[in-house]
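Undergrad: Following this message is one structure expressed as structure tokens.
The values are calculated or read from the model by the stated rules, or taken from the named source; none is laboratory data. Being a predicted model, the structure only gives us computed values, none of them experimental. Glycine also receives a Cβ, built like all others from the backbone with ideal geometry; neighbour counts cover every protein chain displayed.
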Amino acid sequence: MFASRLLVLLTLCSAAGMVAAQQAPAGADPRVDVAAHIPGAHPEELRTTAVPGIYELTRGADIVYVTADGKFAFTGDLVELGSDTNLTEQHRRELRVKALAAFPESEMLVFGPADPKYTVTVFTDVDCPYCRKLHSQIANYNRLGIRVRYLLYPRTGPNTSSWTKAEQVWCATDRNAALTRAKLGEELTNKPCANNPVAHSYALGQDLSLEGTPAIIMANGEMLPGYVPPDVLAQHLKDGK
């Protein structure tokens, strides 16, 4: 994960960071000076926190905290005890919402009722057992007013069987039907086409630090990892959690 890689980088490259800090001119924006202490960091990736002297460093949906002098970094969630608000998760949700808003729905496979109550975005792998279980109940999700937008995310990565199947699904004449057939274990006979969004959706999943599929993202940016039964998901959405 990014946070672990960053911590290793900080340990190995602290000397280089100090040199960069000495060379960087002081600016009106304090993030410029903080970034100068951290190898590979850019000011726009930093933002202040409610804790004086602690900055949040963000890449994709990965968040790590650093001290203003660049000497220390730590991972974990920052919680405001007075309000019991998880500030880190709050920001993660904002980042997910922004990332999904920038991803065109035309590159998703959508299953939904005519008048949905809710919309969720699901990263799915054709060969993932729990992705298949979720999709086997797609009619139930839809009946409960849940519109499902699928993003193709072959967990095994490029140049694998799952990746090829994902491309075949997208390149089929009827993509939704092809996804259903593929998730039933049927072999698709059409060839992958050049213009498909699999690499794009896979890159988005990587940016959001997905650790498995299915990954269900609510409209508010909350992510539920793994399979969630239709009635449970509907209740969760109704409660607005």
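Undergrad: Quick one: in the stretch 111-131, which of the residues that are part of a helix (DSSP H, G or I) and under 20 Å from the mean Cα position of the chain (by Cα) is nearest to Lys183 (Cα to Cα)?
TA: Among those that are part of a helix (DSSP H, G or I) and under 20 Å from the mean Cα position of the chain (by Cα), it is Cys131.
Undergrad: Next question. Select from the stretch 39-84 the residues that are surrounded by 13 or more Cβ atoms within 10 Å (Cβ to Cβ) and among the polar types (S, T, N, Q) and write down the one among them that is nearest to the chain's Cα centre (by Cα).
TA: Among them, the one singled out is Thr58.
Undergrad: Now for a different question. How many residues does the stretch 190-225 contain that are part of a loop (DSSP other than H, G, I, E, B), touching a strand residue (DSSP E or B) at 6+ places or on another chain (Cβ under 9 Å) and small (Gly, Ala, Ser)?
TA: Going through the stretch 190-225 one residue at a time, the tally reaches 3.
Undergrad: If you don't mind, there's one more thing I want to ask. Residues in the stretch 97-107: is at least one surrounded by 14 or more Cβ atoms within 10 Å (Cβ to Cβ) and in contact with a Phe, Trp or Tyr (Cβ under 7 Å, 6 or more places away or on another chain)? Before the answer, list the steps.
TA: First pass over the stretch 97-107, keeping only residues surrounded by 14 or more Cβ atoms within 10 Å (Cβ to Cβ): 97, 99-100, 103, 107.
Next cut, in contact with a Phe, Trp or Tyr (Cβ under 7 Å, 6 or more places away or on another chain) only: none.
The answer is no, given that none of the residues of the stretch 97-107 is surrounded by 14 or more Cβ atoms within 10 Å (Cβ to Cβ) and in contact with a Phe, Trp or Tyr (Cβ under 7 Å, 6 or more places away or on another chain).
Undergrad: Okay, next question. Among (1) in a loop (DSSP other than H, G, I, E, B); (2) more than 21 Å from His200 (Cβ to Cβ); (3) touching a Phe, Trp or Tyr at 6+ places or on another chain (Cβ under 8 Å), which single condition is Pro154 missing?
TA: (2)
Undergrad: Something else about it: Regarding Val169, is this residue closer than 12 Å to Val126 by Cβ and either over 18 Å from the mean Cα position of the chain (by Cα) or of a type in the set (Lys, Arg) (or both)?
TA: It is true that Val169 is closer than 12 Å to Val126 by Cβ and either over 18 Å from the mean Cα position of the chain (by Cα) or of a type in the set (Lys, Arg) (or both).
Undergrad: Within the stretch 86-107, can one find any residue that is outside any helix (DSSP H, G or I), under 26 Å from Gln235 (Cα atoms) and outside the structural domain of His200 (by TED's automatic domain parsing)?
TA: yes
Undergrad: Sort out which residues of the stretch 118-165 are touching a strand residue (DSSP E or B) at 6+ places or on another chain (Cβ under 6 Å) and under 15 Å from Leu184 (Cα atoms), and write them in order of number.
TA: Selection gives Thr124, Cys131, Ile138.
Undergrad: Could you list, ordered by first residue, the pairs with Cβ atoms under 6 Å in which the first is in the stretch 230-241 and in the same structural domain as Ala139 (by TED's automatic domain parsing) and under 17 Å from Ala215 (Cα atoms) and the second is hydroxyl-bearing (Ser, Thr, Tyr) and assigned to a helix (DSSP H, G or I), at least 6 apart or interchain?
TA: Pro230/Tyr141
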